[in-house]
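The values are calculated or read from the model by the stated rules, or taken from the named source; none is laboratory data. All figures in this text were calculated on a predicted structure; none of them were measured in a lab. Here the Cβ is made from the backbone with ideal geometry for all residues, glycine too, and neighbour counts use every protein chain on show.
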Amino acid sequence: HEDMRGQGYGTQLIQRAENEAKARGCQQVLVDTMSFQAPAFYQRHGYEIYGVLENFVGSHTRYFLKKRLPA
């Protein structure tokens, strides 16, 4: 929700998810998001775009991102 933005909740959530993934032996994280959602958020947290579907829903783009987790 818009009034929750900028308070660090997303960063806390993604860090917890990555920590859990590491604890379970995962080597990378894969996510997807739409152009009107959060591609820049994931990129700020070290994710790189590896796939793009333009005009996925109307004029929006769907992004596929990945991040290698440290061993």
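Please go through region 45-59 and give me each residue that is surrounded by 11 or more Cβ atoms within 10 Å (Cβ to Cβ) and at pLDDT below 95, ordered by number.
Phe56, Val57, listed by residue number.
For region 21-39, what are the residues that are exposed (fewer than 12 other Cβ atoms within 10 Å of the Cβ) and within 25 Å of Gly51 (Cα to Cα)?
Gly25, Gln27, Gln28, Phe36
Note down all Cβ pairs under 8 Å where the first residue falls in region 20-44 and is modelled with pLDDT of 95 or more, the second is of a type in the set (Asp, Glu) and surrounded by 11 or more Cβ atoms within 10 Å (Cβ to Cβ), and they're at least six residues apart or on different chains.
The qualifying pairs are Val29/Glu18.
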